[in-house]
Every structure is written in C-alpha cells, then in structure tokens.
Amino acid sequence: MTATAPSGETLWSRCGGCAALLYRKRLRRNLDVCPECGLHARLAAPERIDQLVDSGSFRTLPERAVAVDPIGFVDVLPYPHRLAAARADTGLPEAVLCGTAAIGGSRCALAVMDFRFLGGSLGSAVGELITRTAEQASAAGVPLVLVTASGGARMQEGALSLMQMATVSQAMAELREVGLLTVSVLTDPTYGGVAASFATSADLVLAESGARMGFAGPRVIRQVTGRDLPEGFQTAEFLLRHGQVDMVVPRHALRARLATLLAATGTGRRATKRSGVDAPPPETARPVELSRTPVRDAWETVRLARHPGRPTTLDYLETTFDGFTELHGDRLGGDCPAVVGGLARLDGRHLMVIGHQKGHSTAELAARNFGMATPAGHRKALRLMRLAARLGLPVVTLVDTPGADPGVEAEEHGQAAAIAENILTMSVLPTPVVTVVTGEGGSGGALALAVADRVLMLQHAVYSVISPEGCAAILWPGRTAAPRAARALRLTAPDLCRLGIVDEVVPEPDGSAADDPEATARAVRQALLANLLPLLEVPAVTLVQRRRRRFRRFGAARAGARAGTR
Ligand SMILES: [Zn+2]
C-alpha cells in the first residue's frame, strides 16, 4: 500500500523487514534505516553520496559512460532496450556514479554503485568509470573510496564484463604501489565478480550493517550443495567472524568512520613526515622510576609477568595511545581474538598498533584464548603490518603471550608457516617497527610480532624460548624445577639487555605494572616516543639494513681456515 503525493513521491512506505508502515520523510531523515527494526533499505547512488560526503563537495567525474552492446545480446529483450529502460528508471547513465569529494575534510575519489541499474552489474562502462576514478585518485594523490552494490558481472556483455574485474584490479594495484589507501564499503548485496575483485581487494573493507557479500549467491550454493545454509550466512556479522571484513558499521556511523580512516591514512607516505612536523613535542612528564620492588629471582619475575592485573594491549590502547580504530580479520577465513590491531595515534602521530590480547578475568582470558594467537591471528598481524608499510605508517607491537596456539586446528591451518612468514616479512618491512614486551614473551609466538628496529621490555616482563615449566619438564627430573629453569633461561629484562636481545628496559612503578597501570602507561608512552621518533627520520632502506644487522649479530661462528684443505 502506498499513498502518492501530488509531486509523485510516495508519502508512506512499508518496511521490507518488519512490514511497519513508515512515513517517508521520517524514514529519509533516519537515512532509510527502519526506526522499528533497523533494516537498512537499499540506497540509490545519489542518496548514498549525499549521506557520505561533506555537503557540496562532490564533483562528478568528467568522463561519461558510453552505451555499448559488444556482443549483440538478446534475451527476451535486446540488451540496448534494457539499458535504455534502466537509464530512464534511475536517471543515471550507468550503474555507478563517480567523482571526487571530501569526507570529514579529507579529499578522496569516490565511486558508488547503484543496484537499481541492472542489479548494479559490472559491465564495460562501469569497469571503465571505476578505473578512471582510481586513476583520478592516483593523479590527485588521494585515497579511493568504493561503495559496492552489485549482483556481479553483467552477463549481457559476455566475457568482456569478466575482463572488467582485471581492469579495475590493476588500477587498485597501482594505488597500492604508490601507497594510497583504498577503502571499500560493502552494501547489500555485493556478489560475484564485484565481490571477487575490487570490493575485497581494497586495503580496508567495511561492511554496512545488513550487507551480505559472497562470491556465489545463496540460491546457487543451495542448488549445488543440496544443503541448508547456516543461520546468518554471508551477513556482515558472518563476514566479520570469518575474517573477511575489517568492521561492520551501521549507516549512521559510516560517514564519521570513513572520515577517521581517511584522516589517519589519507596522506599516504607523506603522513609520517608531515605529522612529525605538526605534532606537539613529546611530553616531558616526570619519568617513572624503576620499581624498587626487590625481585629476588627470575621465577618471581615470571609470576609478575603473568599477573592477571597487568595492563593488556587493549588497556594500553586506551591509555598510552589515542583514537584506536580496530581492524579485523586475516581475509582468509578467520579473525583471531588473541591478536588485536588497528590504527591509533601516539602523541598526535598516526601509526599501526598490533598486540596480543589476554584479559583480566577468566572469562575474558578464555574468550581471548589466553593471548595465544592462531594462524589467523598471525596473518591478521601480517596484513596490518604490510598495510602500515604501504601507507608509510610506523608499527608498534605489544607482546604478551604464553606462546602461539598449540592446538590441532592451528596445526591444520599452518601455524608454523604463519609464524615464519611474519618473521620473514618483518625483517624487510620498510617502515619503523618498535616492539614492547609488556608481559610474557613466549617463544616463536612472541617473535612473530617482535622482529623490530627497537625491542623494549617492561621491567618485570619475561622473554624466553620456552616456558620455565616446559624447560623443567624436559631437562630436569620432576616438575618442581620450574624456578630453577627460570633462573637458568636468563629471561628477565636486565639479562636480555645484557645479551643485546632487548634495547631498553621500561621501568614499572613500585610493586609492578598491575599496581599502577596509569604510571605504566605513561612509562610506555615515553619509552615509545623516545625510541620511535629518531626512527622516523631514517630512510626505509637504511632502516631495513640496520634491522637485519641487528638480528644478524646473534649468530655464533668464526671465520677461519676451511676444514680439510690441508
Ligand atoms: Zn522495519
């Protein structure tokens, strides 16, 4: 049931979710989100642009779509008739609207798809227009924002539509090369060739609440498999859980979230340098003094390092850093809760922060897998480190893990290779990396986040090749030898400083970090600034050379006469 105003616009519309009859103007004010059930109705591209960009900032791209019919396609109607009808119905020349705009003051190039136009399908004109938008981003040195809504490639253009996936992807690759951010916003629905190219190859993938995304549609999957699909299949929340999207954002928050992301990363490689000039000088608060707590031996340090009251990575993100925007997922199937990461600021400078997350309560610890990363966690960290390097953002890692997840599933998903890839990639990452071991630095799981230019360690943290218990079980008779093993392993901060594995000990307040998290946060901030700022001046090539030398010096062999030459 619809009522029509004299102007032709309907006054009322019925919600597709809860069937509530809604006053059209009220719905529009609510950004076409049903106030009753929260259903996000589909938006036409012009409405979407109005909602997302700074008022009056949108400039349409000068390029115009050309109507083509490359293979003379006819179903019950010739393709040109369908095109003409779509143009008449939508008032748009094609299924995408492209231009430049500002979002929260940050300039960007923007392409917004319109599902009303032949199901938002990707044809030669759509592909070309999005490619030109990407080229515009590159020429202007601004980020690219894509809002997708599509059933997939446009079959009426045959294999030429398939080629558009490659064409646009190539333009995205060029933006990666020059270090310009790409963001896609998945809206409902995004499927097929669009999902399998630019919608998911963007640096950051946001899903609007209620969006569904997948390669194959549910109907096809049901037909092929003959099985019922799980509840919530391909929904935004499903995608988040399976590591496919960085975040799910309700329509009301979308503009602000985009503004934050563009501000943090929009200036690309120049961001670090510029923020280095604009940012206030590092604070000169009274330094935290070394804890006077008499630590009798290494075993006591182990217990302090494991104390559930110690600040976690998320605590430091609240206290030491500002403006944390969490990014999720490895894009391969998982989002590991034991590793958190995202964009944040340290004293006004944008950076990427990645760390192990434990928890303070048993429930929290269990939900976070006790800070033991799965392969998905290591791959999420890797993805974020690579992204930071591309965008010219420094990386800070916070290490606090008993070790990598030792489970069966972790082995099945390639735990060893995941750790190996992180270690290798960090050794050549062309951006400054500073690590702080904040609690437990457990074995390979710790090193997977710790191949850094500077490695700092909290006063009562530990860093070790194996847990004292594990070591004791292997090398000592009986399980009670853990304290002796702890002493033998040389796992405390002062010991590791002497060995050159750690560069600096970050002081903890009296007692330990657990007794005064605020003072600890201050000490970490001061240590990070003191170690990070000088690195920002070093060219990437030099940085990588030095980092490799840093880790090269731990070998033990002497040059000498070759054996057996006499
Ligand atoms: Zn509703």
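Worth a mention:
- Rounded to the nearest 20 debye, the dipole magnitude of the chain is 1240 debye, with +1 charges on Lys and Arg beta carbons, -1 on Asp and Glu beta carbons, and the Cα centre as origin.
- Per residue Cα convex hull volume in Å³ - calculated over the stretch 481-566: 159 Å³
- Unpaired cysteine residues in the chain (no second Cys Cβ under 4.7 Å): Cys98, Cys108, Cys336, Cys471, Cys497.
- Shape of the stretch 71-118, Cα gyration tensor, a/c cut at 1.5: prolate
- What the phi angles of the stretch 496-503 give under the Karplus curve with 6.51, -1.76 and 1.60, with θ = phi - 60°, is a coupling list of 6, 5, 4, 7, x, 7, 10, 8 Hz, glycine and proline written as x.
- Backbone N within the stretch 77-95 under 14 Å of label point (7 Å from Thr10 Cα along the Cβ vector): none
- Think of the chain as a dipole: +1 on every Lys or Arg Cβ, -1 on every Asp or Glu Cβ, centred on the Cα centre; then among Leu262, Ala556, Leu27, Ala556 lies furthest on the positive end.
- Relative to the 2.2 N^0.38 Å rule of thumb, the stretch 385-440 has a C-alpha radius of gyration ratio of 1.30.
- Summing charges over all other residues whose Cβ lies under 14 Å from the Cβ of Ala373, with Lys and Arg as +1 and Asp and Glu as -1, gives -3.
- Packing-based exposure ordering (other Cβ within 10 Å, fewest first) of Thr187, Thr235, Thr182: Thr235, Thr182, Thr187
- Globularity ratio of the stretch 33-138, using Cα Rg and 2.2 N^0.38 Å: 1.19
- Restriction of the GluC sites (Glu not before Pro) in the stretch 133-239 to DSSP coil positions whose beta-carbon has at most 11 other beta-carbons within 10 angstrom yields Glu231.
- Net charge over other residues, Cβ less than 9 angstrom from the Cβ of Asp32 (K, R count +1; D, E count -1): +2
- Estimated at 0.36 nm per residue, the fully extended path between Ala416 and Asp228 surpasses their Cα-Cα distance by 64.2 nm.
- Computed label-point distance, nm, for sites Asn30 and Met163 using a 7 Å Cα→Cβ extension: 4.7 nm
- Tilt relative to the chain, helix 251-265 - C-alpha long axis, 0 to 90 degrees, to 10: 50 degrees
- Cβ-Cβ FRET estimate between Ala67 and Arg546, R0 fixed at 51 Å, reported to 0.05: 0.35
- Extending 7 Å from the Cα toward the beta-carbon at both Glu47 and Ala253 defines two label points whose distance is 2.3 nm.
- Entry note: the chain has Rg to Rh equal to 1.04, where both radii use alpha-carbon atoms and Rh is the Kirkwood radius.
- Looking at the stretch 286-375, the GluC sites (Glu not before Pro) that sit in a DSSP loop and have at most 12 other Cβ atoms within 10 Å of their own Cβ are Glu289.
- With neighbours defined as other Cβ atoms within 10 Å of a residue's Cβ, the residues Ser184, Ser443, Ser121 order from fewest to most as Ser443, Ser121, Ser184.
- Beta-bridge orientation, the chain: approximately 40 percent antiparallel, per DSSP, counting only bridges with both partners inside.
- The angle between the Cα long axis of helix 517-536 and the longest principal axis of the Cα atoms of the chain comes to about 80 degrees, rounded to the nearest 10.
- In the stretch 183-247, inverting the average of 1/r over every pair of distinct C-alpha atoms gives 11.9 Å as the Kirkwood radius.
- Taking Lys and Arg as +1 and Asp and Glu as -1, the other residues whose beta-carbon sits under 12 Å from that of Thr319 total -3.
- Relative contact order of the chain, pairs being alpha-carbon contacts under 8 Å that are 6 or more residues apart, as %: 10 percent
- Farthest toward the positive end of the dipole of the chain, out of Val502, Gly232, Gly414, is the Cα of Val502, where the dipole comes from beta carbon charges about the Cα centre.
- Dipole moment magnitude, nearest 20 debye, the stretch 446-557 about Cα centre, only Lys, Arg, Asp, Glu C-beta charged: 760 debye
- Counting only Cβ charges, +1 for Lys and Arg and -1 for Asp and Glu, the dipole size of the stretch 409-507 around its Cα centre is about 540 debye.
Coordinate-derived values only; no laboratory data. Being a predicted model, the structure only gives us computed values, none of them experimental. Methodologically, a virtual Cβ is constructed for each residue, glycine included, from the backbone with ideal geometry; neighbour enumeration extends over all protein chains shown.
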